[in-house]
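*Asks:* Handing you this structure, nothing more for now.
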Amino acid sequence: MKNKNNNITFLLAMLLTVTFTANAMQEQEQIEDVVQIAQDTIKSNFKRIKLDGVSAVVGDYVILDSDIEKTLIDLRSQGVSEDDITKCGLLGKLMEDRLYAHQAVQDSLLVSDDEVNATSERQIQSLVGGIGSMDKLLKYYKKDSQEALREDLFKINKLRMLSEKMQQKIIEEIEITPEEVRQFYKKIPKEERPVFGAQLEIAQIVKQPEASEEEKQKVIDKLNKIREDVLVGGSSFKIKAIISSEDEGSRSNGGFYKIKKETNFVKEFKDVAFSLKEGEVSEPFETQFGFHIIYLEKIKGQERDVRHILMAPKISDERLEEARLELEKIRQRILDGELTFAEAALNFSDQKETKYEGGQLRNPQDFSTKFELTKMQPELYNQVRDIKDNEISMPILEVEQQGGAKKYKIMKITNRYDEHVADFAQDYTKIQELALTQKRVDAIQEWMVEHINDTYVSINKDNKDCEFKNNWFKK
């Protein structure tokens, strides 16, 4: 390496000598000769090193070539096919994200570091669980240390969360009127109208047998003992939840949930969660799923990181059998014409959410009464797939997924819709959803056009042939 440096120093000295001693014409020719010799020497003595180049700049954000490669790695890890992915397409998406994030900062839509770190930690735990170990994860992402991986994830997540906040702000106040829905539907050519799959409307009558007071007290005592072990004995609430909780959805994760006031949890649970201070453990309280205790781990603005333990009092076989027999009698009364299914639901069902609507179930996706067969939850599909029109099922035993509570119900198909081309009256809710989605897309596109024009954008000449869906070149 010393000889190489000497060669280059000698050549530079030659350049200076020629510059100050030759006449104009000779000087130019000699300089060109020396420059060529220097270039040849450097090429022969040094290997070319591929540096991480800049693909584009959007506002305050730089997009490196490596960012595109990292995005491709993430897509592969999610099982996304690479057939339809192009470098230009990925670059365009990254530029959109940077524009959202840049404007979010301008508009003071901030994301706390604590919130970003918590998201990154959950991702790491999930990725380690999927790939097998931290060492394998570091190797997959080509990182030398956990710190380097966390730093990368922090940057990625902060940018993503800023981008999401900006997009949410753009569309948060967008609403759609019935007239706009009608105009949207009219503009769709008949041959291009969407086809909706077969749909069902379903009603049910539920009998939820209650546990005895003795069984309830047993559960309360167990939860109080766990609470004491945590607060006095220093036991880990997370470990206690893994061992004792009956909530299958969170037990393996130590009972963890991230919730806001608008999160779709029962009111009693949210009321307790939002009444606690950090580090507090609630007294046992009851919901439709059983009894809980909650540990408030972290307050993050409007969010709460909580852990909970659920235990459902045991219901005796005798009480379950009583519920089944009662439903059989109700079913027979409906079949005999003594009362309608809706009347029976109102008078006898234990499910408050449905009894006042004649037992009619609501689709959690859009809150309509229709369930598309191909998108139905497997458990619900298995319960109704063999029920014929105008038929009432025999009592069906169901165990709550969130806990061990058992109940019986009878079910009826109140309406059946075969696969069909979208009809304005019949499918108004779905058409309304499509129209609202399109209005939001249009609003985002208008925002994009305006802010591309107002924001500094630079794209590397290597990407000049890319055909972006947005006017990034500002032609």
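*Asks:* Among the candidates Glu262, Glu283, Glu248, single out the residue that is open to solvent by 60 Å² or more (accessible area, probe 1.4 Å), part of a loop (DSSP other than H, G, I, E, B) and either modelled with pLDDT of 95 or more or among the basic types (Lys, Arg) (or both).
*Replies:* When all the criteria are applied, what remains is Glu283.
*Asks:* Hey, can you tell me all the residues within the range 143-189 that are surrounded by 13 or more Cβ atoms within 10 Å (Cβ to Cβ), more than 28 Å from Ser112 (Cβ to Cβ) and of a type in the set (Lys, Arg)?
*Replies:* Arg182 - this is the single residue of the range 143-189 that is surrounded by 13 or more Cβ atoms within 10 Å (Cβ to Cβ), more than 28 Å from Ser112 (Cβ to Cβ) and of a type in the set (Lys, Arg).
*Asks:* Mind checking whether some residue in the range 321-340 is of a type in the set (A, V, I, L, M, F, W, C), more than 30 Å from Thr429 (Cβ to Cβ) and in contact with a Lys or Arg (Cβ under 7 Å, 6 or more places away or on another chain)?
*Replies:* Scanning the range 321-340 turns up at least one residue that is of a type in the set (A, V, I, L, M, F, W, C), more than 30 Å from Thr429 (Cβ to Cβ) and in contact with a Lys or Arg (Cβ under 7 Å, 6 or more places away or on another chain).
*Asks:* When you go through (1) at pLDDT below 50; (2) open to solvent by 60 Å² or more (accessible area, probe 1.4 Å); (3) part of a helix (DSSP H, G or I) one by one for Val18, which number turns out not to apply?
*Replies:* All conditions are met except number (2).
*Asks:* Could you look through the range 191-208, keep only residues that are assigned to a loop (DSSP other than H, G, I, E, B) and open to solvent by 20 Å² or more (accessible area, probe 1.4 Å), and pick out the one that is farthest from Ile315 (Cα to Cα)?
*Replies:* Arg193
*Asks:* List the residue pairs whose Cβ atoms are under 7 Å apart, where the first residue sits in the range 54-82 and is open to solvent by less than 40 Å² (accessible area, probe 1.4 Å), the second is of a type in the set (Asp, Glu), and the two are 6 or more positions apart or on different chains.
*Replies:* So the pair list comes out as Ser55/Asp65; Ser66/Asp52.
*Asks:* Separate question: Only one of (1) open to solvent by 30 Å² or more (accessible area, probe 1.4 Å); (2) assigned to a strand (DSSP E or B); (3) more than 30 Å from Arg251 (Cβ to Cβ) fails for Ile413. Which number is that?
*Replies:* Status for Ile413: all satisfied but (1).
*Asks:* Given the criterion modelled with pLDDT under 95, of a type outside the set (A, V, I, L, M) and within 30 Å of Glu353 (Cα to Cα), identify the matching residue among Gln199, Gln204, Gln146, Gln217.
*Replies:* Within the list Gln199, Gln204, Gln146, Gln217, the selection yields Gln199.
*Asks:* For the range 265-280, how many residues meet the condition of being free of Cβ contacts under 8 Å to residues at least 24 places away in the same chain and assigned to a helix (DSSP H, G or I)?
*Replies:* Within the range 265-280, residues that are free of Cβ contacts under 8 Å to residues at least 24 places away in the same chain and assigned to a helix (DSSP H, G or I) number 5.
*Asks:* Among all residue pairs at least 6 apart or on different chains, which show Cβ distances below 8 Å where the first residue, located in the range 235-252, is within 9 Å of Ile309 (Cα to Cα) and the second is among the acidic types (Asp, Glu) and surrounded by 14 or more Cβ atoms within 10 Å (Cβ to Cβ)?
*Replies:* Listed pairs, sorted by first residue: Lys240/Asp229.
*Asks:* Also: Would you list the helices (runs of 4 or more DSSP H) that sit entirely within the range 87-141 and hold 1 or more residues that are under 19 Å from Tyr61 (Cβ atoms) and open to solvent by 30 Å² or more (accessible area, probe 1.4 Å)?
*Replies:* Ranges flagged: 87-106, 113-131.
The values are calculated or read from the model by the stated rules, or taken from the named source; none is laboratory data. Computed from a prediction, not measured in an experiment: that's the story for all the values here. Note that we place each Cβ from the backbone using ideal geometry, even for glycine, and neighbour counts take in every protein chain shown. Ligands, DNA and RNA are excluded from the accessible area calculation, which covers all protein heavy atoms including side chains. Shrake-Rupley method; radii C 1.70, N 1.55, O 1.52, S 1.80 Å.
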